[in-house]
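A quick write-up on the structure given underneath.
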Amino acid sequence: MQFSLAIIIFFIIFFVHRTEACSGTGGAVQGTARTSKDWWQLAQFYQIYPRSFMDSDGDGIGDLKGITSKLSYLKEIGVAATWLSPIYKSPMVDFGYDIADFFDIQPEYGTLEDFDNLIKEANTLGLKIILDFVPNHSSDMNEWFKKSVRREKGYEDYYVWHDGYKNENGERVPPSNWLQAFRGSAWEWNEDRQQYYLHQFAVQQPDLNYRNPAVVAQMKRVLTYWLDRGVAGFRVDAVPWCFEVVPDANGRYPDEPLSGFTDDKDDSGYLNHIYTQNQPETIDMVYQWRQLLDDYQRIHGGDTRVLMIEAYPPLDVVMKLYGNSTTQGAQIPFNFQFIVDGNADKNNTQLPAKEFVRIIDSWMNLMPAGKTPNWVMGNHDQRRVGSRYGEQRIDIMNMIQMFLPGVSVTYMGEEIGMLDLDISWEDTRDPAACNSNPQIYEQFTRDPCRTPFQWSNQENAGFSTNSTTWLPINPNYVSVNMESENTDSKSHLSIYKQLSELRKTQTLQYGDVKYGAVNDNILAIKRSLPGEKTYILLANVLSGEMTANVSNLLRVNGNFNTKIVNTISARREGNIVSVDNFILQSYEAIIVESP
């Protein structure tokens, strides 16, 4: 069968467009068919740290009813799904990451009825709730651990136990030199059982034994229980720690080698964790959890349930979490590159545009074909974006995150430009800091990014009616707050909402991406789709006025209309910008659209 000349020309043009090559310092990635994306692939996810989001009962601590009361705000700013840091019953040594009962709610957060109501109200608004799943450890107050201490049948090996050894002085010593994340030995002697147990986080957080099939089955029951209550998926905590190396024939665990990064023998970074993190079985465990979620959907129907994985290993390991040629893994292995690789260069100076390109490339070039990228700028464990990248870059980072293809993940407060608050030693609550001392605690504390959400300029930032709050509130809440920014057309929040609207366009949902650095200052990202408007993000990521031309880099030319500008820019919507010759002021960022 012969094609007409017109049809042949059409296919040639289409093929050339879809295989557009890279030019300049940057890369190009093609979009996918407009009908092939699931809800989560187009979603804005929003992380809530429940303790600090909204207090409904005046005790100074956020709770489930407080979250429910603010769901309409999440809908207004374009959020599709919100994931909640742990709300399970807990002694709160690590503020919910030490779980005493995986099947119940911490009383200060509310009840199971409150949780069910949260799900109901979220569904009414078209929002999805993602729950934090903490598989690596429990609290030492958990009944499972208590039964294991007593060696009750079925629970003898629920946790990782070891006799330890006697040294040359006859003193009992731990089985190995392994260190916990919160400083000191990862082994703790239990007097009742007369053995050491492994805890890679706080002493009160014993590690579950994933080489015991009963533990694997139990944690799958936890997942199913919350799926039955209506959650849309899980963010999985501390995945790399789930498995440790198998002891040798004599029951010995090997010591881990020194890392050479620090001389502090109590610091986790003192060792290279080749035996306690990123074991091959961990990847398979993620695949099993994904299979459980897929099976649940097939049986019960409804939208896809998603799996979001917290993991900071090398990128080649992270990419395995996506799955392989035969098995599906997590839909969203978190992309932390703008956190671990993007605060400042080795000389502690601000990153130039080429480094932004390198960070984007690091994920896009390694991501398996057909998978969806994701962009995470911050979370409850990291300094806030404005405190890491500088206040003048807050909008730039939000613009990059929401303009690039795929999933965006926002930590609560980043949309209004919240900043870290320096917390005194006396006010410090984080065990990662409390396990150190007043001289060095600021190196480890995560409290500064966990301060309460700043809702208004009223007392306690509108977070609580109590005279005090569990962590102090940043005094800048008088000007940095949701209520004030919501009525200001030139605020961080206003820009965030404009970006949310832009993400609804066909171009941003399905279009190709091309990006590059013009020079040290100018980062340029283009999103394009045949038959739709083309959008270009132009950002001066450093100080100093800069004239630039992106026509060759992005293969565009002519005049574009200003669509969105950051708080620094003096431009207005509709202003004409020539991509062949434009000027950006220090830290100015704009998004322009084709006429």
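The values are calculated or read from the model by the stated rules, or taken from the named source; none is laboratory data. No experiment lies behind these values; they were computed from the predicted model shown. Cβ: placed from backbone, ideal geometry, glycine included. Neighbour counts: every protein chain shown. The area values use the complete protein model at the heavy-atom level, side chains included, leaving out ligands, DNA and RNA. Shrake-Rupley method; radii C 1.70, N 1.55, O 1.52, S 1.80 Å.
Counting only strands (runs of 3 or more DSSP E) that fall entirely inside segment 545-591 and contain at least 1 residues that are not hydrophobic (A, V, I, L, M, F, W, C), the qualifying elements are 546-548, 559-565, 576-578. The selection criterion, being part of a loop (DSSP other than H, G, I, E, B) and among the hydroxyl-bearing types (Ser, Thr, Tyr), does not hold for residue 224. From the list 104, 140, 114, the lone residue that is assigned to a helix (DSSP H, G or I), of a type in the set (D, E, K, R) and within 28 Å of the chain's Cα centre (by Cα) is 114. Of the residues making up segment 239-282, just one is within 12 Å of residue 210 (Cα to Cα), open to solvent by 50 Å² or more (accessible area, probe 1.4 Å) and in a loop (DSSP other than H, G, I, E, B), namely 246.
In segment 448-471 there is at least one residue that is at positive phi and among the small types (Gly, Ala, Ser). Looking only at segment 488-514, residues that are out of contact with any helix residue (DSSP H, G or I) (no Cβ under 9 Å at 6 or more places or on another chain) and either under 30 Å from residue 462 (Cα atoms) or open to solvent by less than 10 Å² (accessible area, probe 1.4 Å) (or both) come to 6 in all. Taking segment 471-487 as the range and being under 14 Å from residue 394 (Cβ atoms) and surrounded by fewer than 20 Cβ atoms within 10 Å (Cβ to Cβ) as the test, the residues that pass are 476, 479.
For segment 167-188, the condition of being of a type in the set (Asp, Glu), surrounded by 15 or more Cβ atoms within 10 Å (Cβ to Cβ) and out of contact with any Gly (no Cβ under 6 Å at 6 or more places or on another chain) holds for at least one residue.
For the subset of segment 82-97 comprising residues that are outside any loop (DSSP other than H, G, I, E, B) and touching a residue at least 24 places away in the same chain (Cβ under 8 Å), which member is nearest to residue 141 (Cα to Cα)? So that I can check it myself, show each step before the final result.
Kept after step one, since they are outside any loop (DSSP other than H, G, I, E, B), are these residues of segment 82-97: 82-84, 88-89.
Now restrict to residues that are touching a residue at least 24 places away in the same chain (Cβ under 8 Å): 82-84, 88.
Values: 82: 29, 83: 25, 84: 22, 88: 13 Å.
Filtering first and then ranking leaves 88.
Of the helices (runs of 4 or more DSSP H) entirely within segment 344-441, none holds at least 1 residues that are touching a His at 6+ places or on another chain (Cβ under 6 Å), modelled with pLDDT under 95 and open to solvent by 10 Å² or more (accessible area, probe 1.4 Å). Restricting attention to segment 564-584, the residues that are under 18 Å from residue 495 (Cα atoms), open to solvent by 40 Å² or more (accessible area, probe 1.4 Å) and not small (Gly, Ala, Ser) add up to 6.
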